[in-house]
Structures are given as structure tokens and as C-alpha cells.
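Taking it in order: structure first as C-alpha cells, then the write-up.
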Amino acid sequence: MPDLLLELFSEEIPARMQAKAADDLRKMVTDKLVAEGLVYDGAKSFATPRRLALTVHGLPARQPDLKDERKGPKVGAPDAAVQGFLKATGLKSLDEATIQKDPKKGDFYVALIEKAGRPAIDVIAEIIPVIIRTFPWPKAMRWGELSAKPGALQWVRPLHSVVATFGMETEDPDVVAFDVAGITAGQVTRGHRFMAPAAFSVRRFEDYEAKLFDAKVVLDPQRRKDIILADAKELAFAQGFELVEDQGLLDEVSGLVEWPVVLMGSFDEAFLSIPGEVIRATIRNNQKCFVVNDPKTGKLANRFILVANIEASDGGKAIVAGNERVIRARLSDAKFFYETDLKTKLEDRLPKFEHIVFHEKLGTQAERIARIERLAAEIAPLVGADVEKTKRAAKLAKTDLLTEVVGEFPEVQGLMGKYYALAQGEDQSVAGAIEDHYKPQGPNDRVPSDPVAIAVALADKIDILTGFWSIDEKPTGSKDPFALRRAALGVIRLVADNTIRLPLLTTFAKAAKSHDGKDLLSFFADRLKVQLREQGARHDLVDAVFALEGQDDLLMIVRRVEALGKFLETDDGKNLLAGTKRASNILAIEEKKDKRTFDGAPDASLFVADEEKQLARAIIDTKREAGDAVAKEDFANAMTAMAKLRPAVDAFFDKVKVNDDDAKVRENRLKLLNEIRAATRAVADFSKIQD
Amino acid sequence: MDSMPSHMRPERSFQGLILTLQRYWADYGCVILQPYDMEVGAGTFHPATTLRALGPKCWNAAYVQPSRRPKDGRYGENPNRLQHYYQFQVILKPSPPDIQDLYLKSLAAIGIDSELHDIRFVEDDWESPTLGAWGLGWECWCDGMEVSQFTYFQQVAGVECAPVAGELTYGLERLAMYVQGVENVYDLNFNGRDGDQKVTYGDVFLQAEQEYSRHNFEHADTAMLFEQFKMAEGACRKYLEAGWDGDKKERHLMALPAYDQCIKASHVFNLLDARGVISVTERQSYILRVRELAKACGDAWVHTEAGGV
């Protein structure tokens, strides 16, 4: 079976786009092949800074032949219908059609269309140029002479050549014949830009990959990553250090080189007085180099690891020296920033916030800080935090935004605040809260546990949520520019992980005056649902609990949902749910029929059947027991009480006819059904639970 | 390069580096222009780039452009930052297919050997909000240091580039520091001489950096500057309006003088920004006002002879 080899050779593709581009290429080509009846055995795609490559193996040499029978008009139908039929089927005259007998409706024409499959290589020659022209780069560009005319090819950077071969392993493959934007597909490519720039010819994937390797190009990004990681670890280890692994950086760096060469450089030990995170941010962000630890101290060592793209003629001495120079200059800047920052007390930075607008409609940063401070002080007693420390932490929490280091490296915000706070002798909890009040930032981020940090973190998030709710700037669809979803999830995790009782509606009211607290609460319900869904829990139970009156205590909601989930997994739970739903359904029908509700206690004197009396008793018992348990926030016991209701409900539906002929008895029974619904509402609104 | 006298060699002399680049691009066929005689923030502002990038005509040019970034002043105390520095600018329209190789050879000409150094093209999309311009390209790295910007212009002054021009911008001080092996910009050997004949970058520019930093941050007359901004904006619009030849607006006769006023407005804005008298919200609206001027100038330019009419 023949294989396809495709290579799109261009100028340097941004590292961050390579993986997706390789994936898109494989998917687009194979989807189109399959759509054309060309089913394949396997496909794999690759990217380097200068090329996208794809191999598809085990393709058929031809498309399968297609046979199609098309029903036509009746024999003797008007000419217009006959002509339409001939045109649609491509037949020259009715002589080419067959006649099918149909004694009932009358005989009709049938066209037998046989479409011979085309050679796969011809189909591929049509597919690829279309894919190149419609390739989904995040940003594409035009270039050169052809860009003078409209409709010029757009690619991520100028495209230089295309390799496209198709053929059997045993034979010389054919070049897939097509042109795109003045480039004719062929079988010639080039190696490494500096070490092997000469053109060479390739036949199929196996020799392509091998010849590229000889020409100092490692085609497979995973292999480049493996090489970089192994070499970096070894180089660090050989000198008594330990590589600080960094997957994001590894991904990026592997997209910047075709031939990774790992080298180590050093910097002046004096720079180690700068916080390690700042050194790492400097070296990582600006220079795309790794840092290493001293295993004895667990702290950064004055070394860095760089990944070059060439085997230099001097063994890399000039490259290391050059990188050391740049890193020295960068660290000098960082050290200067850090030392400058230390000269100003954090609180002395506060006045500047009066001139910085947080949001056009929400006032200045200074106003926001004052709001956070006030709210954090309100929350502090609820989470067991010292009020004065909490106020101090809230006041200082944002001040590091005005420091030089954070201006340069926004990702160390909070952390620098902590360092500067400790340096000026702030309390440990206060300093820790400055770092932690941004947390948790995402699902894998740490949740603060110090009460002061919890109070400020909650205040920060609730302020931003109520603020944007008050000006009606809520997230819509994929648009959430102020990360409000993340803020709400942060509140949920802070409360759940630290088992905090926080009445949300009252807290919202304290945070901002005019906003729709109920609406914001339902936003929290949605976030909670998303979170539970991600944990594999039943998210419909959140609705069932939120549907009850006055549910604004997230911790209680979570606990209730957990207990309810467990209960519904038992037989008692399932049957009670079924019984309750049945009661609700009957009630809904009858309420509609009578145009009234059946509220109020049933009249005991109107009970006829034993099952009725037993159910009424069970309801009273359950209500009391479940109510007591809920009051004690013992949801497991509340569910146990619920379980006792189940046999009575089952027996009632088994033996008793609700729609009795006696109107009074009927009404009384409907009231009893309504009581089942009411009783279950002690724990949740069962009607919101999905089956 | 061997025949070159030592005081002209790029690794010894700042001016030697500039002359070598000029020579290299002259040999390629570029017109070698002199700096534009106005204050600009970057070589891109020179009409030889901004305006000539528009329209269908071929255009290959290279020039040094003194660039002013009032905010980057450091009173002469920072070894890497300057409020006035030199860019070497090359513009090739349409971008030739071998433009990357041409660039690498220009590095070789100033002594950067690609067998010894790690030269990389790292993604950097360029955008100038004030010029209404964007393009895709890279930062060019040499051993981890950014030495040039490489951009394929896609749009300039709000006009689609057809054909696309390739723009190369060399940061001359940084390159010179690298090839001379100097840590502080003020220590650069300017004229390539030794002993008492040696003139350093500091000899030439340190005083200016100190004086202009004082001016830019502390003393620049903001009342005058606000007025100048308004005047330049008004003049630009006036010249644009007056430049149309007839009512059909098919031909413009004063795109260049109008564009000078746009450059002026842009620099005045940068000074006001450095003085810290423009608030965050106002800042955006000033940028928009300059962009509107740039766009109107671009529109005028494409109705001139060199714009292709």
C-alpha cells in the first residue's frame, strides 16, 4: 500500500503555534482523504521551527469505484421531467437508462451510474492546495511579489517549498503534482539553516527523517524535548546541581531549535541575593533558559542552562559567553529594581493608587483597596482571623503592583509583596496574606489556609464580583475579561477547603450597595455545578438544593449536595425520588384540571385506607426528624429520616386510588401528596433532580 | 574586510559598524538615505519607511535614524538605556525571497559568524498603535541577545501593503556593544582610534543624555507641548485638506508636509507622556488622534506619484 509524505518548509514558525499546526495538518489531510474514500492505516505529523511534516501510510492506490442507482421519472412522464433526469444523472438519452417494473404505481426509469475511482495521487493533488490555502493559523501573513495582488496565499511566515511524494515502499514514489502560490511540489528539502543548508532529495518518510537527522534536524518535537531534558539533567548533575524542570519552557524551547545543543553558563553569586523567583522569571522569560538548584540547600545556584541551535565551532564558548553577558545585564536590572523597591515602604506607595483607575465605572484602585479592607474586616471574625492584621494585609495587598520588579515581571505579583512586607518587619500572617490573597488562581493552585489570608482573599474576590455585578458587566459566553468565573470558583474553594460558614447574600450586601445578589448567587450555583461536574459528581443536585429558600451558605450547600448524592445511590433514595416525582406529576395534572393548588394539611377524619393514615404519620415523623437533623446540619441523618418515608409512599401508591369518586376524599388525598413534596423539601427540591 | 583599516572595523569602531552596514546594503542596491530631519520615536517613522511602504512601487532603502524615546532616559546612569539612540533601518519592497539570508550576511559583514554564534528568529509580532500599522516577524537573537527586529509589514497607516515590504531594524548601540565586547554603552569606541585619539560614545552623548533626561522628565514645557500637539494636529489636517487636487480626491499634492506634522504630534505626545501629565484614559485618546492623522496621511500618499498614481 502506498504512503504519502508531505512537508511544508517555511521561515521560522512561532514556537507556540507548532504543535497545534502539526495536529491541524494531520487532521485536515486525513479527514479529507477519508471523505474521498481513501482510508489509511496510520498518520503522524511533526513540526520544527521551519517545517510542518506529515506521513500517511497504508493508503489505497485508487479510490473505490462507486455504483449508484438513481430512480427517475415514470415511463411516459413529461419531457421536462425526463430532461431533468438526464441532466442530473449525466445520461445522454433514455436508452442508457433501464426500466423498472412497478405494477402498482407504473413503470419508471432507473439510471445506473458507475463512477470509476480515481488514482489516489490525483485526488491528493487536489486536496493539499486547498488545505494549504485554508490552513487555520492563529495569525497569517502575505509576503513578496505575489502579495501585490489580492488573493495571495497567507501562511504563518513565508512558505518556501513543498515536498509531496506518494508511492509504494518498493518503488520510487511519484511527486504529487500541484502548485500553490508559485511553489511547485517536489521532493527537495533543506537541512539545518546553518549546519546543513544544502538542498537534498527525499523519497519517502523513512529516508526523509533519516536524511534530515544527517542534516542536523531532529524532526520529532518529542524527541527534541527528550534530548533537551536528558542533556540538561545530565549537565546539571555532572556539576553537582539539579535542573529545575519547567514543562512550559521545555515546550517553547523545543520549538526554537531544530538541533538542540544544551550548554551551561553561570552568573555572579552576588545576584543570589535577589529572590529566587525573580531570578528564575528573569532567566526564563527574557532568555528562555532553565535554572538549577543546589541540592544541598534546595536553593537556586548561580548557573543556568541554555539550549542553542548549533554545534558551534568553538564548542559553544562564544554562545555561553554571549548568554552570560545578557543574563548579567538582566540580573543587574532585576537587582537594581529589587533594591530600589526595598527603599520605599509599601504603605508609602498607597497615595499613588488614588490616580490609578481600576475601572471607569468602579473608581480608582485606592477606592477598591478601601473596599477590600472594609469587607475583609467584616469577614475576619467569621473565619477566625485577627481583625487588625486582616486590615493591615488588605491595605498592603496590592501595593507591590507599583514596585519595579512587579512592573517588569507581573507573574511575581503578591510574592514580591510578601518579600517586601517581611523586609519591613510586617507580621508573618500579614506578609503571607499579601502573597496568598490572589489564590487560588486555577484548579491546581493552592488554597490559602491562614485565616488572615482567607479573609483578604475572600474580600478581594467578592469585591470584584459584586462590583462588576453592580455595573452589570457579567461574563457572557467565552467572554470573561475580568476573570469573574475564576473569582467565584476561588470563593467556593476557599469556603469548602477551609470549612467556612459564610452567608453569601449578607456578605454581598456588605460589599456593594446596588447589585442583584440573587443573580450573583445563581452565578455561584452555576460555578458550583461546573466544579461538581468536573469532579464527576451530579450537578443537578446543586439546582435541587439551591431551589430551597435561603440557601446562600456554600459550605452547607456542598454538604447537603454530598449527602443527597449518597442517599440517591441507595434503593430507598431511588424509590423515594420515584415516589415523590409520581406524587408531583399527579398533583401537576390535577392542579391543572381543577385550576387550584392543594396546599394545607390533610384532614385526618377523611382518611379511609390504612395506607393513607400510615403515610400521613410517616410524613409527620419524617418532617420532624429530618427538620431536627437539618437544624443540626446533620444531613446524613436527615437523609436517613427521609428513607423512612419510602415504604409508606410505596404502599400508598400500591393500594390507594388518589382520584377517589368522593370529591372530598380526592382533595384530601391530593393534599397528602402535596405533603410528600413538602416533606422532601426539608432536604432538597426533588423535582429539580434528573432521573 | 581584511583590507579595511583597523579604525574602520566594526568590532573596534561604532562608526565603522554603521559604515559597514551602509556599504553592505548599498552593494545590494539600496538607496542610502540620511536620517530624517525631525524627532522620531523609531526608524519606522521616517517617510522613507512609513509612506514608501505603501503603494505598488519597488523601494529599497537603508538609513540610520536617531530615535528618541523620552521615557527611556536614565540621566546617563543606566549602561543599556538611552532616550536617544541610533537605529539602522532597511526597507525592501517587495520583500525579496532571500531576505533572511540577506540579513544573515549583513551580520557576517559586521563580524557575527553564524558558525560560532547562535542566531535565532524568535516570534515577535509588531504593532504600532500610533501608526495604525502591524506586521509579523521576529526578534533576531544572537547568543540570547536581541540584535534586530525583522518585520513583514502587512498594514501601514491603515492601508494594506500591496506588495508587502520587509523591514529590518538593527539596534546599533546594542550590536556595537556586542561586537566590541563592551558592558556599558558609554564605553563604546566611537571612532575606532586608540589612546588620546579615541572618542567614546560617552564623550559624544553622555552630557546629552543627562540634559535631555532632565528636560524630558522635569522641565519640558507642558503648556507649550499641549499647544504644539494641537497645532501640529490642526496643521496636518489643514495640509491634507488643501492638498487634494480637485474635488474628486484622485490626486494629492501635499502628503509629505502633512505627514511631517503627524510625526511632530507623535513626538510631542511622547514628551507629554514622559512628563507624566497624560492620564491612562487620555493616553488612549491621544494615541487614537495620532493614528487618525497617520491614516489620513497614508490615504493621501497612495494618491501621489510615489504612492503609485
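Hey, can you tell me all the residues within the stretch B:175-198 that are outside any helix (DSSP H, G or I), at positive phi and away from chain A (no Cβ under 14 Å)? Matches in the stretch B:175-198: B:Gly192 only.
If you go through the stretch B:230-256 and pick out every residue that is crowded, with 17+ Cβ neighbours inside 10 Å and free of Cβ contacts under 8 Å to residues at least 24 places away in the same chain, you end up with 1. Please verify whether the stretch A:334-355 includes one or more residues that are surrounded by fewer than 17 Cβ atoms within 10 Å (Cβ to Cβ), within 9 Å of chain B (Cβ to nearest Cβ) and touching a Ser or Thr at 6+ places or on another chain (Cβ under 9 Å). Yes, some residue in the stretch A:334-355 is surrounded by fewer than 17 Cβ atoms within 10 Å (Cβ to Cβ), within 9 Å of chain B (Cβ to nearest Cβ) and touching a Ser or Thr at 6+ places or on another chain (Cβ under 9 Å).
Scanning the stretch A:213-241 for residues that are over 30 Å from A:Lys296 (Cβ atoms) and surrounded by fewer than 13 Cβ atoms within 10 Å (Cβ to Cβ), we see that the one that is nearest to the chain's Cα centre (by Cα) is A:Gln222. Checking each residue in the stretch A:5-42 for being among the aliphatic types (A, V, I, L, M) and closer than 19 Å to A:Pro129 by Cα picks out A:Leu5, A:Leu6, A:Leu8, A:Ala21, A:Ala22, A:Leu25, A:Met28, A:Val29, A:Leu33, A:Val34, A:Ala35, A:Leu38.
Only one of the numbered conditions (1) under 23 Å from A:Thr640 (Cβ atoms); (2) acidic (Asp, Glu); (3) under 25 Å from the mean Cα position of the chain (by Cα) is violated by A:Asp572, and that is (3).
Restricting the search to the stretch A:503-524, which residues are among the aliphatic types (A, V, I, L, M), more than 12 Å from A:Gln551 (Cα to Cα) and within 28 Å of the chain's Cα centre (by Cα)?
Matches in the stretch A:503-524: A:Leu520 only.
Within the stretch B:255-299, if we keep just the residues that are within 14 Å of another protein chain (Cβ to nearest Cβ) and not in a helix (DSSP H, G or I), the residue that is nearest to A:Val357 (Cα to Cα) turns out to be B:Ser279. Assess whether B:His219 counts as being of a type outside the set (D, E, K, R) and more than 23 Å from the chain's Cα centre (by Cα). The answer is yes for B:His219. Just wondering, is there one or more residues in the stretch B:223-233 that are at pLDDT 95 or above, in a loop (DSSP other than H, G, I, E, B) and farther than 28 Å from B:Gly76 by Cβ? Looking through the stretch B:223-233, none of the residues is at pLDDT 95 or above, in a loop (DSSP other than H, G, I, E, B) and farther than 28 Å from B:Gly76 by Cβ.
The set of residues in the stretch A:1-20 that are under 23 Å from the mean Cα position of the chain (by Cα) and either of a type in the set (Ser, Thr, Tyr) or within 13 Å of another protein chain (Cβ to nearest Cβ) (or both) comprises A:Pro14, A:Ala15, A:Arg16, A:Met17, A:Gln18.
Of the conditions (1) away from every other protein chain (no Cβ under 12 Å); (2) surrounded by 16 or more Cβ atoms within 10 Å (Cβ to Cβ); (3) at pLDDT below 95; (4) out of contact with any Leu (no Cβ under 8 Å at 6 or more places or on another chain), A:Arg368 clears all except one; give me its number. Failed condition: (4). Is there a residue in the stretch A:384-395 that is surrounded by fewer than 18 Cβ atoms within 10 Å (Cβ to Cβ) and either part of a helix (DSSP H, G or I) or within 14 Å of another protein chain (Cβ to nearest Cβ) (or both)? Yes - at least one qualifying residue is present in the stretch A:384-395. Is it the case that A:Phe108 is touching a Leu at 6+ places or on another chain (Cβ under 9 Å) and on the phi < 0 side of the Ramachandran plot? Against the criterion (touching a Leu at 6+ places or on another chain (Cβ under 9 Å) and on the phi < 0 side of the Ramachandran plot), A:Phe108 does not qualify. Filtered by the rule that a residue be in a helix (DSSP H, G or I) and touching a Lys or Arg at 6+ places or on another chain (Cβ under 7 Å), the stretch A:416-467 gives A:Ser429, A:Val430, A:Ala431, A:Gly432, A:Ile434, A:Glu435, A:Val452, A:Ala457, A:Asp463.
Do the conditions hold for A:Phe205, that is, is it more than 25 Å from A:Ser313 (Cβ to Cβ), touching a Ser or Thr at 6+ places or on another chain (Cβ under 6 Å), in the same structural domain as A:Ile13 (by TED's automatic domain parsing) and touching a residue at least 40 places away in the same chain (Cβ under 8 Å)? Answer is yes for this residue. Screening the candidates A:Ala88, A:Ala47 for the property of being in contact with a strand residue (DSSP E or B) (Cβ under 9 Å, 6 or more places away or on another chain) and under 17 Å from A:Val162 (Cα atoms) yields one hit, A:Ala47.
Considered as a group, the residues in the stretch A:170-202 that are loosely packed, with under 13 Cβ neighbours inside 10 Å and among the charged types (D, E, K, R) include one that is farthest from B:Leu104 (Cα to Cα), and that residue is A:Glu171. Could you tell me whether any residue of the stretch A:665-675 is basic (Lys, Arg), assigned to a helix (DSSP H, G or I) and under 30 Å from A:Glu562 (Cβ atoms)? Scanning the stretch A:665-675, I find no residue that is basic (Lys, Arg), assigned to a helix (DSSP H, G or I) and under 30 Å from A:Glu562 (Cβ atoms), so the answer is no. Residue count for the stretch A:285-312, restricted to those that are under 16 Å from A:Val412 (Cβ atoms) and surrounded by 22 or more Cβ atoms within 10 Å (Cβ to Cβ): 2. Every test in (1) closer than 17 Å to A:Lys44 by Cα; (2) crowded, with 19+ Cβ neighbours inside 10 Å; (3) among the small types (Gly, Ala, Ser) is passed by A:Ala210 save one, and that test is (2). Against the criterion of being assigned by TED's automatic domain parsing to the domain that holds A:Gly186 and surrounded by 13 or more Cβ atoms within 10 Å (Cβ to Cβ), A:Lys139 qualifies.
Among the residues making up the stretch B:100-136, a single one is small (Gly, Ala, Ser), at the interface with chain A (Cβ under 9 Å from one of its Cβ atoms) and either more than 26 Å from A:Val253 (Cβ to Cβ) or in contact (Cβ under 8 Å) with a residue 12 or more places away in the chain (or both): B:Gly135.
The residues in the stretch B:46-99 that are within 11 Å of chain A (Cβ to nearest Cβ) and surrounded by fewer than 20 Cβ atoms within 10 Å (Cβ to Cβ) can be counted, and the count is 12.
Quick check: anything in the stretch A:20-35 more than 20 Å from A:Lys139 (Cβ to Cβ) and in contact with a Lys or Arg (Cβ under 9 Å, 6 or more places away or on another chain)? Yes, because at least one residue in the stretch A:20-35 is more than 20 Å from A:Lys139 (Cβ to Cβ) and in contact with a Lys or Arg (Cβ under 9 Å, 6 or more places away or on another chain).
For the stretch A:29-51, what are the residues that are under 23 Å from A:Met168 (Cβ atoms) and basic (Lys, Arg)? The answer is A:Lys32, A:Lys44. In the stretch A:497-517, how many residues are in contact with a helix residue (DSSP H, G or I) (Cβ under 8 Å, 6 or more places away or on another chain) and either closer than 13 Å to A:Leu554 by Cα or part of a helix (DSSP H, G or I) (or both)? Adding up the residues that qualify gives 13. Just to verify a result, which residue in the stretch A:250-270, among those that are surrounded by fewer than 20 Cβ atoms within 10 Å (Cβ to Cβ) and in a helix (DSSP H, G or I), is nearest to the other protein chains (Cβ to nearest Cβ)? Ranking the candidates gives A:Glu252 first.
The values are calculated or read from the model by the stated rules, or taken from the named source; none is laboratory data. The structure displayed is predicted, hence computed values, not measured ones. In this analysis, Cβ positions are derived from the backbone assuming ideal geometry, glycine residues included, and neighbour counts consider all displayed protein chains.
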